[in-house]
Amino acid sequence: KKNTFTRRVYHNLTTHYNIYWNGNESFKSGKSTLADNVADNYNFILPVYNFGTADESRKVAADMDRAIEKAGIAIPRHSLFFAGVEYNRWIDNCYMLIGKSQFFRQDYTNSRRTMEYLMKQYAGSETELEAALWHIRTFMQQKRYDDVASQIDQFEALLAKVKAPYRIRREIPLMCADYYLKTENLQSAKTNLK
């Protein structure tokens, strides 16, 4: 591969509108299917996020596998990594799609590893912030609340360095409320939900 203008345009265009788009559509379909099949238990306090049970995640495994497969094809085929810089704007989105799909398949260990790679590779960017959010969610799903507390502290330090877009800022109080509900700190959860 050559790092020329025409090659960058070709690989960006092909990655976005051919491979990533199809994988993302499969991911959205699986996420929608999960939302339709997840049942809330009104005998308990409802969680902020309900990612379903292991049985419910099996129903979306095919869609998530297709999303992982599509994003996995795009990375080796269309990555333009030269001198420590990625010139294809969609490669980080492909990695994020893989990590989120692994999360919805309840493969939290691999999802966490993918998010750790993104946080390291794309340090100081919006991608790092989004990966950090999903990284924290993997710890919450695994009920590793001590790790969640330290990760939230690191995330807040990261927010001081990187300007977060609205789509990430709006998730912060929800993530904190979810954490406080799971650790039974209802007053702090109430504050974040408000």
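The values are calculated or read from the model by the stated rules, or taken from the named source; none is laboratory data. No experiment lies behind these values; they were computed from the predicted model shown. Positions of Cβ are backbone-derived with ideal geometry, glycine not excepted, and every protein chain shown enters the neighbour counts. We work out accessible area using only protein heavy atoms, side chains counted, and drop any ligands, DNA or RNA first. Shrake-Rupley method; radii C 1.70, N 1.55, O 1.52, S 1.80 Å.
Identify the trypsin sites (Lys or Arg not before Pro) of region 79-108 meeting these criteria: DSSP loop state and at most 15 other C-beta atoms within 10 Å of the C-beta.
Details: sites: ARG89, LYS100, ARG105; in loops: ARG89, ARG105.
Taking region 79-108 and a limit of 15 other Cβ atoms within 10 Å, the loop trypsin sites (Lys or Arg not before Pro) found are ARG89.
Would you kindly calculate the translational diffusion coefficient of region 51-94, applying Stokes-Einstein with the Kirkwood radius from alpha carbon pairs, for 4 °C and a viscosity of 1.567 mPa s, and quote it in µm² s⁻¹ without decimals? Intermediate values should be presented prior to the final figure.
Values: Rh = 12.2 Å.
In µm²/s, the coefficient rounds to 106.
Per residue and in cubic angstrom, what volume does the convex hull of the Cα atoms of region 149-188 have? Each step should come with its number before you reach the end.
Numbers: hull volume 2.6 nm³, N = 40.
Each residue corresponds to 65 Å³ of Cα convex hull volume.
Summing Lys, Arg as +1 and Asp, Glu as -1, what charge do residues with Cβ under 12 Å from the Cβ of PHE139 carry, PHE139 excluded? It would help to have the intermediate numbers written out before the result.
Details: positive: ARG112, ARG137, LYS143, ARG144, LYS182; negative: GLU116, ASP146, ASP147, ASP178.
For residues surrounding PHE139, the net value is +1.
Given a 1.4 angstrom probe, I'd like the percentage of the accessible area of region 50-194 that is carbon and sulfur, rounded to a whole number. C and S atoms contribute 48 percent here. Over region 59-158, the Kirkwood radius and the radius of gyration, each from Cα atoms, give a ratio Rg/Rh of 1.00.
Couplings for region 59-74, taken from phi via the Karplus curve 6.51 cos²θ - 1.76 cosθ + 1.60 with θ = phi - 60°, read 5, 9, 4, 5, 5, 5, 4, 5, 5, 5, 4, 4, 5, x, 6, 5 Hz in order; Gly and Pro are left as x.
More than 19 angstrom separation, counting every C-alpha pair in the chain; what % is that?
Details: 11891 of 18721 pairs.
The answer is 64 percent, as a whole percent.
Taking the empirical scaling 2.2 N^0.38 Å for compact globular proteins as reference, region 1-55 has a Cα radius of gyration ratio of 1.91.
So for region 1-116, considering every pair of alpha-carbon atoms, how many percent are separated by more than 25 Å?
Details: 2152 of 6670 pairs.
In whole percent, the share of Cα-Cα pairs in region 1-116 beyond 25 Å is 32.
Accessible area per residue for the chain, computed on protein heavy atoms with a 1.4 Å probe, is 56 Å². Distance from the Cα centroid of region 28-68 to that of region 154-193 is 22 Å (rounded to whole angstrom).
Taking amide H as placed 1.01 Å from N in the peptide plane, GLU86 has no amide H partner under 5 Å among residues 5 or more places away or on another chain.
Based on alpha-carbon positions alone, could you give the equivalent ellipsoid semi-axes of region 81-134 from the gyration tensor, as √(5λ), descending, whole Å?
Numbers: eigenvalues 80, 25, 16 Å².
Over the Cα atoms of region 81-134, the semi-axes work out to 20, 11, 9 Å.
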